[in-house]
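Here is the structure we will look at.
The values are calculated or read from the model by the stated rules, or taken from the named source; none is laboratory data. Note that the structure is predicted; figures quoted are calculated from it, not measured. Counting neighbours? That spans all protein chains shown, and the Cβs are built from the backbone with ideal geometry, glycine included. All accessible areas refer to the heavy atoms of the entire protein, side chains included, with ligands and DNA or RNA removed. Shrake-Rupley method; radii C 1.70, N 1.55, O 1.52, S 1.80 Å.
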Amino acid sequence: MRLVRDAVAAEPVEPLVMKGKSDPIPAFRLIEVTTGVAGVARRLDSPMVGRDRPLAQLRQAFDAAVADRSCQLFTVLGAPGVGKSRLVAEFLGAVQSEATVLRGRCLPYGEGITFFPVGEVVKEAAGLDDFDAPEEIERKICAVLGDEERGAACATLAQLFGAADHDSAAEETFWAVRRFLESVAQTGPLVVVFDDIQWGEPTFLDLIEHIADWSRDAPILVLCMARPELLDDRPVWGGGKFNAATILLERLSDDDCAELIANLLRRAALPDEARVRILEAAEGTPLFVEEMLSMLIDDGLLVLEGDRWIATGHLGGVSVPPTIQALLAARLDRLSDDERAVIQRAAVAGKQFHLGALTAMFDDDRGADVRSTVMSLVRRDLIGPDRSLLIGEDAFRFRHLLIRDAAYEAAPKAVRAELHERYAAWIVDVAGERVEEQEEIVAYHLERAYRLHEELGPLSDAARQVGLRAATHYAACGRRASERGDETAAATLFRHAADLLPEGNPDRPGMLYEVARAYGDTFEPRLAFAAADEAVHEAAAAGQTALGWLARLERSFAHQLLDPHGKSTQEIRDELAGAIASLEEAGDEAGLATAWRRRAEIEWMPCRFDSAAVAAARAVEHARRVGRRSLLEHALGIRSAAELFGSMRPDEMLASVESAAEEVGHEGLFGHILMVQRSACAAMSGDLDRARRCSDEATALAERIGVPFYVAASCEFRGDFELFAGDAAAAERAYRRQYEILDRLGDEGHKSTAAADLARALYRLDRLDEAETFARLALEIAAQDDLVSQASGRCARALVQAARGEHDDAIRSAREAVAIFEDAQSPVFQGTVWMTLAEVLRAAGRTDEAPGAARAALGLFERKGNEPAITSTNAFLRTLEA
Ligand SMILES: Nc1ncnc2c1ncn2[C@@H]1O[C@H](COP(=O)(O)OP(=O)(O)OP(=O)(O)O)[C@@H](O)[C@H]1O
Ligand SMILES: [Mg+2]
């Protein structure tokens, strides 16, 4: 339907259930076909962008024809869809008041219609109708021609319409057509347009050159459009003539394309991901921009909401629109066998490729042939030279990613599988000792080869080996990424490795565990849970006990984030005890480092941060013994966080985190943690400017690491100190961003805290209804033993109640919050709830009890050394005294 929608009338019918397709396929009943129109009409309704220079060149050619009363031949060459017809339409619009315009086009099918395009031109000029009788045709044509030579020319031209019974020689027809056009041009400048002349018969092309060479004393611009393959048949088209010019219409710049997108969407905002995806796929071809966009909209991947477009899914894997596929397939169909063999190899190598790789992918030694075939593909404008990354190796790239995709799809799977393997071998070969840098690419190609073998049917032993080799390479890359601190990348790489290992392979449970761990460390609870669950089962089946414990821990932590009510902290404590015992028995230091880190994390819920710091210190010891940077980094990271939330004073905290940074370096995750800590210490000592600067930097670092959870965490700290400093609007912005990120991640565990914090900021902004909503939400989703959310949610609720005059309820809520934190080890959290109690007491007019609560808060803030909190509490106490 998409390929023919403008040429048919059709009505939708019930979707069809088809063999091999899981979903029903939309179907239509064909009612009518309109002949002579394109299946997909090109659109002219959005303003033309760019093209100033080619327009000026066209204008110049026209002016020359008029000024010299000469014939000018102007040819616009360009890839399909680049905008030849559009450019010419725009030009004709500008000259239509000064010239007669006649149009003819060549058709992609049918032999023996050599003069069809000229026929159209004559028909238009002479005003012929479809069913004119032969005499009528001749009469109308004669009326256009001048007196001399009239008879012969009339008869010859009339033959074009099958009206006469003898065929003229080509020269006669050439002469007659030329005379005819010259006659038309006697009354004023004439523009004769021929579109798609790459489909023209050789004799027709001769005719055009004849007109250009021989017409005299008549202002005629012959304007031709063609795709570059015109030069296959006519390498010297227009060459050697003084009155001929040919231009190659280039792709649009990215800026022009962005402008085009904006015009097509009538300036409604488009998500960046969609824009980037379209720009990448279209690479400057306006037709592809239009088609990609309309496909995304038709498929419901882009939806208009108000005045902005929303992406409803991941756009990365969006396929090539069928209209474009058809265009590209037609270009590839024209290739010779040699050319096809070369372009298939290039397509396997990728968008960019080196000549040596192509040669290596052939069985025999045909280096010289490959080079000359590559050059012919360059002439066809399918590929172009590129900057080489290897010394002494010429590099090329596909003109268009979509051409690569089409060439790739066109190769049989068995061929592709073989070529991927050979390409991997070539990389290993050229990379030599530096193969590590290329290992991910090697892994990718082996994986592709394996997957294709798999699709083709039962696997041979050799094919299975290819899969295992791919897994080994991916695993090595994953471990390196993890050591670099790039757990996001590590998770994906381990996932590939695990998926390539067949069930029952002894390495599979461990690999699945690595996937779960990496996703756990980047706080992607959904993905972590799924992988951990698999790991638990497979470790049990393989009898890998210690690993099984670690996998269970990963699963439980993810579970608790996904569904805070579904997994109690006590259950996890029991698991931790079991895990630590089993790992100690196995002498698994790396496992112990992880388990003790989890042991520290479990203290988060009851807010026992000083105990957490002790457990974290044990994790640090084990990690040091293993000597793996990533383990140590995580252990030190959790220790720093425990110190921040616990009782340690700012100067001590800072010293501790600085020395940890000495140990594991300032890169990646630890750089971020260091910055958060600096920001928090600056805030506590009252240096807000520095606190904000460090906080901005911490957020930027988190964004660079690409772990959304860390961004959320830095927002939380920002909100906390902005609220102490009295900037509720800034706090609200920070908390809201935190909330939105966690909501997207499905991290319900942390989201409840974010909701409570957001409620407190909203209260300070006098947005009571919203504050109440978020306070309620926080208490609804928070687990019973999640003390921060429980207490903080109650504080928010208490403040709202007090503002509404429900003083008894307010005081009850605040007292509950105080009680919840009775055993906590967090002076700042505890001080905050005491201050809330003080506030609601004062609001209730209980000025006898309020000072006691405020002084309790003051003591806690002083213990931690949080200056802004001390200052505001003192101020509060003074207002009570006054
Ligand atoms: N500069 C431009 N600004 C806005 N839209 C453009 C521009 N150039 C082309 N387009 C749009 O892109 C689509 C393709 O352009 P056009 O039909 O002119 O391509 P073409 O080069 O003639 O392709 P073909 O080789 O298939 O004939 C059209 O819908 C056209 O309106
Ligand atoms: Mg065109």
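Taken over the stretch 642-682, residues that are basic (Lys, Arg) and more than 17 Å from residue 698 (Cα to Cα) amount to 1.
Evaluated against (1) within 16 Å of ligand 1 (Cβ to nearest atom); (2) open to solvent by less than 50 Å² (accessible area, probe 1.4 Å); (3) at pLDDT below 85, residue 163 falls short on exactly one condition, (1). Residues that are of a type outside the set (Asp, Glu), open to solvent by 10 Å² or more (accessible area, probe 1.4 Å) and outside any helix (DSSP H, G or I) within the stretch 751-803 comprise 765, 767, 784, listed in sequence order. Regarding residue 633, is this residue part of a helix (DSSP H, G or I), in contact (Cβ under 8 Å) with a residue 60 or more places away in the chain and among the acidic types (Asp, Glu)? Here the answer is yes, as residue 633 does meet what is asked.
Taking the stretch 676-691 as the region of interest, how many residues are on the phi < 0 side of the Ramachandran plot, open to solvent by 20 Å² or more (accessible area, probe 1.4 Å) and touching a residue at least 24 places away in the same chain (Cβ under 8 Å)? Of the residues in that region, 3 qualify.
Contact map, the stretch 227-241: first residue closer than 18 Å to residue 105 by Cβ, second residue among the aromatic types (Phe, Trp, Tyr) and open to solvent by less than 70 Å² (accessible area, probe 1.4 Å), Cβ cut-off under 9 Å, separation 6 or more or different chains; pairs are 230/237.
Would you check if there is a residue in the stretch 413-420 being without any contact (Cβ under 8 Å) to a residue 24 or more places away in the chain and of a type in the set (D, E, K, R)? No, that holds for no residue. Take the residues of the stretch 200-238 that are in a helix (DSSP H, G or I) and under 24 Å from residue 384 (Cα atoms): which is least open to solvent (accessible area, probe 1.4 Å)? Here the answer is 230.
Listed by first and then second residue, the pairs with beta-carbon distance under 7 Å, at least 6 apart or on different chains, first residue in the stretch 75-104 and in contact (Cβ under 8 Å) with a residue 12 or more places away in the chain and of a type in the set (D, E, K, R), second within 14 Å of ligand 1 (Cβ to nearest atom) and open to solvent by less than 30 Å² (accessible area, probe 1.4 Å), are 84/76; 84/78; 84/225; 84/249; 103/193.
Applying the set (1) in a helix (DSSP H, G or I); (2) crowded, with 19+ Cβ neighbours inside 10 Å to residue 273 leaves exactly one unmet item: (2). Taken over the stretch 75-102, the criterion of being more than 9 Å from ligand 2 (Cβ to nearest atom) and polar (S, T, N, Q) is satisfied by 75, 96, 97, 100.
Confirm whether residue 80 is within 16 Å of ligand 1 (Cβ to nearest atom), assigned to a loop (DSSP other than H, G, I, E, B) and either open to solvent by 40 Å² or more (accessible area, probe 1.4 Å) or of a type in the set (Phe, Trp, Tyr) (or both).
Here the answer is no, as residue 80 does not meet what is asked.
Within the stretch 712-734, no residue that is within 20 Å of residue 673 (Cβ to Cβ) sits with its Cβ atom under 6 Å from a residue that is outside any helix (DSSP H, G or I) at 6+ positions apart or across chains.
Within the stretch 30-69, track down each residue that is within 27 Å of residue 292 (Cα to Cα), part of a helix (DSSP H, G or I) and open to solvent by less than 60 Å² (accessible area, probe 1.4 Å). Hits for the stretch 30-69 are 54, 55.
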